[in-house]
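Worksheet: one structure, shown below.
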Amino acid sequence: MKKLLIANRGEIAVRIARTAREMGIETLLVASEPDADSLAARTADGFVVVGPAPAPASYLNQDAILAAAVENGCDAIHPGYGFLSENAVFARKVAEAGLTWVGPDADAIEMMGNKSMARESARKAGVPVLRGTDGPLDPEADALEAARGIGYPLVVKASAGGGGRGIRFVHKEDELLETIEMARGEAASVFGDPTVYLERFVQHARHVEVQILGDGTNFIHLGDRDCSMQRRSQKVIEEAPAPDLPDAVRRTIRESSVELARECGYSGAGTVEFLYDPAGHEAAFIEMNTRIQVEHPITEQITGVDLIREQLLIASTGSMSIGQEDIRFSGHAIECRLNAEDPDNNFFPSPGVITALEWPAGDWVRIDTGVEVGSSVSPYYDSMLAKLIVHKDTREAATEAMLTALDETRIEGVKTTVPVLKKLLRRPEFAAVSHHSKFIETVTDLMEAT
């Protein structure tokens with residue numbers, strides 16, 4: 001691998017460019033018109049504008065991105081996360097053009113991108129799954145009978161859904177048929193695939209996940225993370241390792257995640273996500289993400305493994321540089337996502353220009369960001385400004401360190417979620433690990449002064 005095209009923006013583009021430089025790989029960034037003067041564009045060795053601000057015309061423009069790679073002599077493409085990172089069609093186009101795709105092959109992306117197929121693959125690999133339909137719900141099947149076998153409450157999920165979308169809850173039988181029809185219509189409109197399946201709903205579930213790596217022959221895990229602090233199914237605070245998890249559950253999700261990677265001959269970095277039911281002390285498979293995750297830095301902090309480097313090594317050489325015996329876990333890491341949103345206005349996005357910026361200092365804190373003073377925060381993209389990561393010996397010490405880091409963070413020109421993050425970290429439920437993935441929606445005083 002000599003020249004890598006980065007098909008992304010913001011902090012992940014900056015991160016990929018820096019790691020590639022350390023490995024002696026030249027980088028070219030694709031950018032939308034407003035991102036031509038971004039930190040990411042200056043961090044890469046070069047950039048090319050592929051379209052105007054709207055993502056469909058730029059970061060989702062497959063033909064323009066592929067043409068930029070070919071015309072500029074790139075031999076590989078790293079998609080980062082979001083945008084085209086889990087697009088099997090694009091991954092196939094990259095391979096057909098003779099370029100290296102930094103990630104699993106299109107078949108694995110396709111298999112895991114279809115949630116009902118992924119669920120079936122997980123079941124075959126011995127990964128624990130929730131009670132639910134075997135594969136997509138047949139339109140001719142007796143949905144009421146299938147639901148009685150699962151039990152209420154349950155969820156209707158779009159097979160092609162993801163990112164918290166394509167999910168509808170059913171609490172009683174007389175809601176089921178209408179909900180299924182609405183879910184099918186929504187799935188067809190949003191994802192282009194009307195198929196849905198049914199699955200048991202776990203109330204007050206925690207969201208835990210396992211980081212895996214594979215090179216097609218060898219498969220390992222790098223421990224687990226907890227991402228239960230979410231708002232509208234979007235992660236807000238993440239930590240590693242997952243706290244207060246029974247040893248047997250931790251062992252099961254780690255080992256079965258490796259078996260799932262083996263089952264699909266996985267090559268690259270991936271994350272296997274689970275719902276953990278604290279009441280029943282059991283975890284069950286949700287989905288597998290076939291890309292690098294936003295929260296990957298906390299795994300890097302507790303293992304010392306550079307996951308982007310491993311991605312590039314696997315893609316370029318066919319082998320990762322580590323085995324399971326090389327993985328050692330140290331301390332506890334917490335990550336907070338800092339978003340340009342106004343908590344006092346129902347978290348409405350807060351675009352603008354950053355006029356002042358100060359980050360915390362210390363060898364225990366890491367900042368992954370794509371912004372600097374003068375950066376324009378666009379309304380066209382995700383509102384995340386940065387990820388603040390701390391690493392300490394214990395969870396309690398990491399929580400205090402994160403509060404200090406947030407206190408020392410100053411961002412002016414846009415509203416941010418810093419006050420809310422501090423409030424959440426101070427909640428007794430966070431300290432007791434009694435929060436769950438719907439916890440934030442239950443906090444009525446979240447927007448009050450911290």
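The values are calculated or read from the model by the stated rules, or taken from the named source; none is laboratory data. Being a predicted model, the structure only gives us computed values, none of them experimental. With ideal geometry, Cβ positions are generated from the backbone for all residues, glycine too; neighbour counts draw on all protein chains shown.
Yes or no: the range 344-354 includes at least one residue that is within 17 Å of Q234 (Cβ to Cβ) and either under 17 Å from the mean Cα position of the chain (by Cα) or of a type in the set (F, W, Y) (or both).
There is at least one residue in the range 344-354 that is within 17 Å of Q234 (Cβ to Cβ) and either under 17 Å from the mean Cα position of the chain (by Cα) or of a type in the set (F, W, Y) (or both).
Regarding the range 232-244, can at least one residue be identified that is of a type in the set (A, V, I, L, M, F, W, C), over 20 Å from D382 (Cβ atoms), modelled with pLDDT of 95 or more and surrounded by 20 or more Cβ atoms within 10 Å (Cβ to Cβ)?
Checked against the condition, which is being of a type in the set (A, V, I, L, M, F, W, C), over 20 Å from D382 (Cβ atoms), modelled with pLDDT of 95 or more and surrounded by 20 or more Cβ atoms within 10 Å (Cβ to Cβ), the range 232-244 yields at least one hit.
Report yes if F329 is outside any helix (DSSP H, G or I), touching a Lys or Arg at 6+ places or on another chain (Cβ under 8 Å) and more than 30 Å from D445 (Cβ to Cβ), otherwise no.
no
Are any of the residues in the range 245-258 more than 20 Å from I109 (Cβ to Cβ) and touching a Cys at 6+ places or on another chain (Cβ under 6 Å)?
No, every residue in the range 245-258 fails to be more than 20 Å from I109 (Cβ to Cβ) and touching a Cys at 6+ places or on another chain (Cβ under 6 Å).
Examine the range 108-129 for a residue that is acidic (D, E), assigned to a helix (DSSP H, G or I) and either touching a residue at least 12 places away in the same chain (Cβ under 8 Å) or surrounded by fewer than 16 Cβ atoms within 10 Å (Cβ to Cβ) (or both), and state whether such a residue exists.
From the range 108-129, those acidic (D, E) are 110, 120; that's our starting set.
Okay, now just the ones that are also assigned to a helix (DSSP H, G or I), so 110, 120.
Checking which are either touching a residue at least 12 places away in the same chain (Cβ under 8 Å) or surrounded by fewer than 16 Cβ atoms within 10 Å (Cβ to Cβ) (or both) leaves us with 110, 120.
Checked against the condition, which is being acidic (D, E), assigned to a helix (DSSP H, G or I) and either touching a residue at least 12 places away in the same chain (Cβ under 8 Å) or surrounded by fewer than 16 Cβ atoms within 10 Å (Cβ to Cβ) (or both), the range 108-129 yields at least one hit.
Check A20 against each of (1) surrounded by 17 or more Cβ atoms within 10 Å (Cβ to Cβ); (2) part of a helix (DSSP H, G or I); (3) free of Cβ contacts under 8 Å to residues at least 40 places away in the same chain and name the one condition it does not meet.
Only one criterion is unmet by A20, namely (3).
Restricting to the range 186-195, count the residues that are out of contact with any Pro (no Cβ under 7 Å at 6 or more places or on another chain) and either among the hydrophobic types (A, V, I, L, M, F, W, C) or at pLDDT 90 or above (or both).
3
Please state which one of G135, G98, G73, G161 is modelled with pLDDT under 95 and either closer than 30 Å to T19 by Cβ or not in a loop (DSSP other than H, G, I, E, B) (or both).
The conditions single out G161.
Taking the condition of being closer than 12 Å to Q211 by Cβ and without any contact (Cβ under 8 Å) to a residue 60 or more places away in the chain, how many residues in the range 270-309 meet it?
1
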